[in-house]
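Visitor: Quick one: structure below, then a few questions.
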Amino acid sequence: MDSSLHEVWQAASGSPFTPAIGKDNQFLFAFILLVLGFGLSGAFALNRSVVSLPTLALPASLSLAVGVVYMFYPPIFRAVASSTRLLYQLLKAINFTSKVHVEITEKGIRFSTDHARVMQGVTHWDKSLFTSYTTNIPAPEESNSNPDDEDDSPPPSVIFQLSLPALLETLQIFGAADAAARQARSDIDPYRSTNLRNNRPDAFSNQTLGMSNGTCSLSYNAEGDPFSIILEEGGVKTTCNLTTYVAEIPEDIPFDIEDLGFKIITQARWLLDALAELAPASPEKLIITASKAAPYLKLTSVGGALGSGGIDFAQGKDLLETFSVRKKKWSQAFKFDMLKAANEAMRIASKVSLRGDGQGVLSMQFLVEVGGEGGGVCFLDFRFVPYADRDDEETESEEDGEEEEQGMEVDG
């Protein structure tokens, strides 16, 4: 990030936007305006004349209109969830930056994080995860564009940024007890830690036993207002107002789905185990190679203090549910720490789809199963930009130089 932009960001974080009428004073302000409006209306009814129109009638109309807006205007967004466990897990999977980009739409809430434009994580809270979900998003401003393009225009949305650590800390206020209990049981019983996912509640969790009857209410009243989270459980009610920031609206890392180099679908835990085997060597790079012949998928770690290592997925039909490679081989090198940042997504997901395009960008899409009566799935999407291949660049520059020399000789 540019140093000047960083300084502007730091200055903006110290002076957040404050509305003229605070949220706590809006009801009182609206009540006073309504009382004033009714009083002026009564006075105008008793003394109806041309002179009283600008002095009584017009102020009464304005007072009533503004008071009704402040008192009865619905918030932009409001939702209620019976549990914060899944919401917390989906957000924690993309916890590698300090700020999260939030986009509220009629279908749900989209969260995205970005690290230096080389790594991006996206998660989505679908409206089906909430027991109640209502939006009142203002329509975008009208423009002189072609009316035929209205169908192609994106749906209306509200965009802002939040502090990701503060949001995660708020969501786990009442879930820390279950998390600590699961960790303690996994330390005592290794079988539970390897065969049962710590992220999923077991038969003895507070949520399953009915000991957790809390609710989580999310609301966003108007642009510039705080993002409000109200947690209530066992008679204890906690209200957290998170400061919202103006969104930079970063563009997604480009990924050409029409130019796929390879596509693999496999179990997420196998990819997690593979990275766990390579992590002790503290490698700098991870080379991902997909080929039509065995080994079909190969992970090679290089640049580590303890040497290099590799893991081959030679039994493609048994380990890889879907496998396709367009050319003979697809191979790119990525920073190992960036791929390791997706470990939490690998833990909570059941399957992962690995895809690479012609430019070398890697896409990891994780499928997370949602429990409950209706069931369902959620998705986590990660994109990684590869290392620049200097050898190829030097080769291309040498070839270009040779072509220029040959052209000069022919001209001579």
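The values are calculated or read from the model by the stated rules, or taken from the named source; none is laboratory data. Since the model is a prediction, treat every value here as computed from it, not as a measurement. Glycine also receives a Cβ, built like all others from the backbone with ideal geometry; neighbour counts cover every protein chain displayed. The accessibility values were calculated without ligands, DNA or RNA, using every heavy atom of the protein model including side chains. Shrake-Rupley method; radii C 1.70, N 1.55, O 1.52, S 1.80 Å.
Visitor: Working only within region 292-323, note down all residues that are open to solvent by less than 40 Å² (accessible area, probe 1.4 Å), small (Gly, Ala, Ser) and either touching a helix residue (DSSP H, G or I) at 6+ places or on another chain (Cβ under 9 Å) or touching a residue at least 40 places away in the same chain (Cβ under 8 Å) (or both).
Guide: SER301, GLY304, GLY307, GLY309
Visitor: Being within 17 Å of ILE265 (Cβ to Cβ) and among the small types (Gly, Ala, Ser) is the filter here; which residues of region 292-321 pass it?
Guide: Selection gives GLY316 alone.
Visitor: Follow-up question, since we're still on this one. Do you know which of the residues in region 253-271 that are touching an Asp or Glu at 6+ places or on another chain (Cβ under 9 Å) and open to solvent by 60 Å² or more (accessible area, probe 1.4 Å) is farthest from ALA333 (Cα to Cα)?
Guide: Within region 253-271, the match that is farthest from ALA333 (Cα to Cα) is GLU258.
Visitor: Checking the conditions here, which among GLY309, GLY303, GLY360 is of a type outside the set (D, E, K, R), modelled with pLDDT of 90 or more and part of a strand (DSSP E or B)?
Guide: The unique qualifying residue is GLY309.
Visitor: Does ALA179 meet the test of being among the small types (Gly, Ala, Ser), modelled with pLDDT under 95, farther than 24 Å from VAL377 by Cα and in a helix (DSSP H, G or I)?
Guide: It is false that ALA179 is among the small types (Gly, Ala, Ser), modelled with pLDDT under 95, farther than 24 Å from VAL377 by Cα and in a helix (DSSP H, G or I).
Visitor: If you don't mind, there's one more thing I want to ask. Taking region 206-262, which residues are modelled with pLDDT under 85 and outside any loop (DSSP other than H, G, I, E, B)?
Guide: GLU233
Visitor: Quick one: would you say ALA294 is of a type in the set (A, V, I, L, M) and in a loop (DSSP other than H, G, I, E, B)?
Guide: So ALA294 passes the test.
Visitor: Here's another thing I want to ask about it. When ALA274 is evaluated against the numbered criteria (1) open to solvent by 20 Å² or more (accessible area, probe 1.4 Å); (2) without any contact (Cβ under 8 Å) to a residue 40 or more places away in the chain, which criterion, by number, is the only one it fails?
Guide: (1)
Visitor: A further question follows. For region 124-136, enumerate the residues that are outside any strand (DSSP E or B) and either among the hydroxyl-bearing types (Ser, Thr, Tyr) or open to solvent by 50 Å² or more (accessible area, probe 1.4 Å) (or both).
Guide: Listed by number, the residues that qualify are LYS127, SER128, THR131, ASN136.
Visitor: Let me ask something additional. Would you tally the residues in region 153-172 being assigned to a helix (DSSP H, G or I) and polar (S, T, N, Q)?
Guide: Result for region 153-172: 1.
Visitor: For region 312-345, name all the residues that are among the aromatic types (Phe, Trp, Tyr) and part of a strand (DSSP E or B).
Guide: Correct list: PHE313, PHE323, TRP330, PHE334.
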